[in-house]
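Student: Encoded as structure tokens, here's the structure I'll be asking about.
Computed from the coordinates by the stated procedures, all read-outs in this text should not be read as laboratory data. In this text the structure is predicted, and so the values were computed from the model without any measurement. Here the Cβ positions follow ideal geometry from the backbone for every residue, glycine too, while neighbour counts run over all protein chains shown.
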Number of protein chains: 2
Amino acid sequence: MEPGTVESRVHEAMHRLTAAEKRVARGLLANYPTIGFAPVAEFSRQSGASAATALRFVAQLGYGSYPEFQRALRQELEERVKSPLQRGLARPPAPGRDDQFLDRFFHQAVGNLHATARRIPSSEFEAVCARIADGKGACHLFGGRFTDAIAAYTEAHLRLIRPGVRRLDGRASSRNDQLLDVKPGDTAIVFDVRRYDPQLVATAASLAARRVFVVLVTDAWISPVSRHAKIVLPCETGTDRTWDANLVLFATMEALIARTTELCWASASNRMGLGEPS
Amino acid sequence: MEPGTVESRVHEAMHRLTAAEKRVARGLLANYPTIGFAPVAEFSRQSGASAATALRFVAQLGYGSYPEFQRALRQELEERVKSPLQRGLARPPAPGRDDQFLDRFFHQAVGNLHATARRIPSSEFEAVCARIADGKGACHLFGGRFTDAIAAYTEAHLRLIRPGVRRLDGRASSRNDQLLDVKPGDTAIVFDVRRYDPQLVATAASLAARRVFVVLVTDAWISPVSRHAKIVLPCETGTDRTWDANLVLFATMEALIARTTELCWASASNRMGLGEPS
DNA sequence: TAACCTCTGTACCAGTTGTTCCGGAAATGT
DNA sequence: ACATTTCCGGAACAACTGGTACAGAGGTTA
């Protein structure tokens with residue numbers, strides 16, 4: 001029998017699997033390796049497939065029988081338990097192939113996350129969350145070409161936990177109709193990353209002139225919007241590729257959403273009961 | 001059944017065990033818990049006892065049958081393998097210092113990223129990127145209440161590297177005007193996470209019926225859309241908070257964007273160098 | 001639309017497993 | 001040393017598991 005862990009075999013064989021067999025594969029990877037120790041009936045049922053399909057699946061992996069498959073699983077588990085330090089992420093970085101793309105990309109993302117956690121002072125982060133949570137004044141969000149989607153995501157969540165949340169089109173500059181119901185004491189969250197958008201700066205300037213508390217979420221090089229911002233959350237977006245990774249901005253906003261939800265849990269749960277979609 | 005891990009039960013029951021039963025107990029503790037997943041014959045042989053003795057042993061532990069004993073063992077292992085994700089959350093019980101929030105949140109995100117990299121076979125990921133990069137057929141994106149923002153972000157990027165990218169309103173179900181210019185051979189990327197949206201399923205079904213290649217980006221529990229999907233990219237979204245973290249979906253799409261950009265660029269230069277048709 | 005092919009679940013068979021029973025061995029007390 | 005009790009393992013039995021053949025469903029092509 002060829003070498004390789006069961007998990008690696010699943011990945012390798014995935015392409016030649018049929019639809020139902022893939023469901024079984026995903027089911028195995030989902031709770032790996034425990035479900036593999038169950039009898040075929042339970043193993044297949046958990047993936048919503050029939051026992052026969054599960055059998056064909058293990059055959060595709062190269063095992064002669066289901067017990068043989070389980071034996072391999074046991075040996076593998078034994079290896080992992082015997083080396084207490086190898087636990088977790090110590091997987092051999094097999095080079096050469098491009099099929100490691102996801103691994104490499106995520107690895108880099110992890111680096112960015114750590115760098116960002118170091119760069120953002122928790123006092124700044126907390127201040128933003130607290131301000132949004134107290135619910136005083138409206139909360140306006142807007143971003144640039146790509147970051148607008150992040151603004152939209154944040155808006156969708158904040159709407160559930162407090163009133164007065166709205167997203168305005170930052171690229172339409174400082175059009176008056178947008179700024180009509182902006183009042184002093186409001187909060188604005190601006191997203192701007194490299195290739196900084198001049199129109200965002202203009203809009204932010206207008207808001208700042210109206211005594212709006214401006215929060216800027218930007219990259220490590222800091223958007224010029226910072227001139228008008230009370231608080232800046234700089235995120236590490238470094239990557240060696242064509243575009244920078246906005247992933248960390250997204251992560252920061254999701255952390256902000258979670259934290260803000262914690263801070264005003266009472267009013268949030270009130271709204272969740274009412275604001276469910278159709 | 002009374003509480004307690006299998007291992008603790010062994011220790012607790014040790015005194016009332018007979019000589020041969022104790023050998024079995026020691027054998028189990030020696031390579032715990034792997035040997036327990038073997039059939040009784042092998043399990044007992046490894047301790048130099050008979051099968052009958054091993055059966056009496058598990059009866060002494062309080063289990064009604066050998067399969068029941070194995071089931072308990074599996075559940076226990078499942079808890080242990082899930083714990084690494086909970087380790088990031090094991091810290092928070094100290095609520096006095098909340099200034100670690102960002103650190104904790106990002107730490108958990110890192111765990112989710114690793115889990116996702118393990119769960120998504122690279123062949124699946126590559127298949128999606130290749131299909132989008134080749135530019136044949138249109139590419140439709142849509143998502144649910146929150147994930148719609150991720151669809152929008154992806155759309156904004158894909159528009160730059162290939163034609164025929166558009167986002168449709170997945171929550172408007174399968175309205176005909178949306179499906180008018182959908183052709184067989186097109187590709188659709190569907191986003192759906194827990195609290196799965198029935199309308200997304202409906203839309204995906206309509207697309208699949210029209211021979212559209214459906215790609216599903218979902219969470220670890222797998223949206224029912226998977227029934228109509230050719231490829232599924234399951235992302236780990238686990239968190240102990242009110243909402244799951246869609247961060248990993250975002251990360252996966254950003255990786256997809258980066259990879260697809262690479263592929264487009266490579267194929268472009270290939271055409272120039274080799275003059276390869278089709 | 002119709003024919004074809006692949007895929008998938010059901011039904012059934014065979015093999016193995018778990019379980020029990022009982023004879024004998026070992027140990028203990030008299 | 002004998003009797004009694006406890007314990008152990010081999011063997012028979014029954015339940016269940018894994019394996020396979022088959023037919024229907026779904027999708028693809030002409």
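Student: Which of the peptides B:8-19, A:128-139 is most tightly packed, and how do the rest follow, judged by the mean count of other Cβ atoms within 10 Å per residue?
Tutor: Taking the mean over residues of other Cβ atoms within 10 Å, the ranking is A:128-139, B:8-19.
Student: Something else now. What is the angle, in °, between the Cα long axis of helix A:101-119 and the longest principal axis of the Cα atoms in chain A? Nearest 10 is fine, range 0 to 90.
Tutor: Result, in degrees: 40.
Student: From Cα pairs below 8 angstrom and at least 6 apart in sequence, can you work out the relative contact order of the stretch A:101-274, rounded to a whole percent?
Tutor: Numbers: 283 pairs, mean separation 45.5, N = 174.
So the answer I get is 26 percent.
Student: Could you work out, residue by residue across A:32-39, how many beta carbons of other chains sit within 10 Å of that residue's beta carbon, and then give the average as an integer?
Tutor: Per residue, the average neighbour count from other chains is 5.
Student: Please give the average number of partner chain Cβ atoms lying within 10 Å of the Cβ of each residue in B:254-262, rounded to a whole number.
Tutor: Taking the mean over all residues of the peptide, I get 6.
Student: Once amide H atoms are placed 1.01 Å from N in the peptide plane, what residues at a sequence separation of 5 or more from B:Y32, or on another chain, have their amide H within under 5 Å of its amide H?
Tutor: The answer is none.
Student: Determine, at each q value in 0.16 (inverse angstroms), the log₁₀ of I(q)/I(0) that the Debye formula gives when each Cα of chain A is one equal point scatterer.
Tutor: Here the Debye-derived log intensity ratios amount to -1.09.
Student: Along Cα-to-Cβ, 7 Å out, sits the label point; list in nm, shortest first, how far the one on B:H11 is from those in the other copies.
Tutor: Reported distances to equivalent positions: 3.6 nm.
Student: Could you tally the net charge around A:A38, taking each other residue with its Cβ under 10 Å from the Cβ of A:A38, Lys/Arg +1 and Asp/Glu -1?
Tutor: Numbers: positive: A:R45, B:R71, B:R74; negative: A:E42.
Result for the local shell: +2.
Student: Among A:31-40, B:250-259, B:222-231, what's the highest-first ranking by average C-beta atoms within 10 angstrom per residue?
Tutor: For the peptides A:31-40, B:250-259, B:222-231, the packing ranking is B:250-259, B:222-231, A:31-40.
Student: Between B:I120 and residues 5 or more places away or on another chain, which pairs have amide H atoms under 5 Å apart, with H built 1.01 Å from N, and which residues are they?
Tutor: Under 5 Å from the amide H of B:I120 lies no amide H from a residue far enough along the sequence or on another chain.
Student: Between B:Y32 and the same site in the other copies, what are the distances in nm, shortest first, taking label points 7 Å from Cα along the C-beta direction?
Tutor: 2.7
Student: For the stretch A:43-58, what does the Karplus curve 6.51 cos²θ - 1.76 cosθ + 1.60, with θ = phi - 60°, yield as ³J(HN,Hα) per residue in whole Hz, taken in order and with x for Gly and Pro?
Tutor: Whole-Hz 3J(HN,Hα) from phi for the stretch A:43-58: 4, 6, 4, 4, 9, x, 10, 8, 4, 4, 4, 4, 5, 4, 4, 5.
Student: Put the label 7 Å from Cα along Cα→Cβ for A:G135; what are its distances to the other copies, in nanometres, shortest first?
Tutor: Once sorted, the set of distances for A:G135 reads 5.3 nm.
Student: Over the Cα atoms of the stretch B:121-274, how large are the radius of gyration and the largest Cα-Cα distance (Dmax), in Å?
Tutor: Spelled out, the Cα radius of gyration and Dmax of the stretch B:121-274 are 15.1, 54 Å.
Student: Would you pull out the residues with amide H under 5 Å of A:L61's amide H, same chain only if 5 or more places away, H placed 1.01 Å from N?
Tutor: Residues meeting the amide H criterion: none.
Student: Binning at 10 Å from 0, report for the protein assembly as shown what percent of all alpha-carbon pair distances ends up in each bin.
Tutor: 3, 16, 24, 24, 17, 10, 5, 1, 0
Student: Inside 10 Å of the C-beta atoms of B:73-80, what's the mean count of C-beta atoms belonging to other chains?
Tutor: 3
Student: Which pairs in the list B:K82/B:K230; A:K136/A:K183; B:K22/B:K82; B:K136/B:K183; A:K136/A:K230 are over 20 Å apart, alpha-carbon to alpha-carbon?
Tutor: Going by Cα-Cα distance, B:K82/B:K230; B:K22/B:K82 fall outside the 20 Å limit.
Student: Which one of A:R26, A:R211, A:R171 has the biggest mean-square fluctuation once chain A is modelled by GNM with Cα springs under 10 Å?
Tutor: So, out of A:R26, A:R211, A:R171, the one fluctuating most is A:R26.
Student: Per residue, how much space in cubic angstrom lies within the convex hull of the C-alpha atoms of the stretch B:199-261? Write out the running numbers ahead of the final one.
Tutor: Working: hull volume 5.6 nm³, N = 63.
Here the figure is 90 Å³ per residue.
Student: Continuing with the same structure: Considering all alpha-carbon pairs of the stretch B:104-206, what whole percent are spaced by more than 20 angstrom?
Tutor: Of all Cα-Cα pairs in the stretch B:104-206, 48 percent lie more than 20 Å apart.
Student: Moving on. At a Förster radius of 56 Å, what calculated FRET efficiency corresponds to the Cβ-Cβ distance of A:L180 and B:R45, to the nearest 0.05?
Tutor: The pair A:L180/B:R45 has a calculated efficiency of 0.10.
Student: Another one. Compute the normalised compactness of the stretch A:150-224: alpha-carbon radius of gyration over 2.2 N^0.38 Å, N being the residue count.
Tutor: With N residues counted in the stretch A:150-224, Rg over 2.2 N^0.38 Å equals 1.08.
Student: A follow-up question, please. Evaluate Rg over Rh across the stretch A:6-92, taking Cα atoms for both radii and Kirkwood's formula for Rh.
Tutor: 0.97
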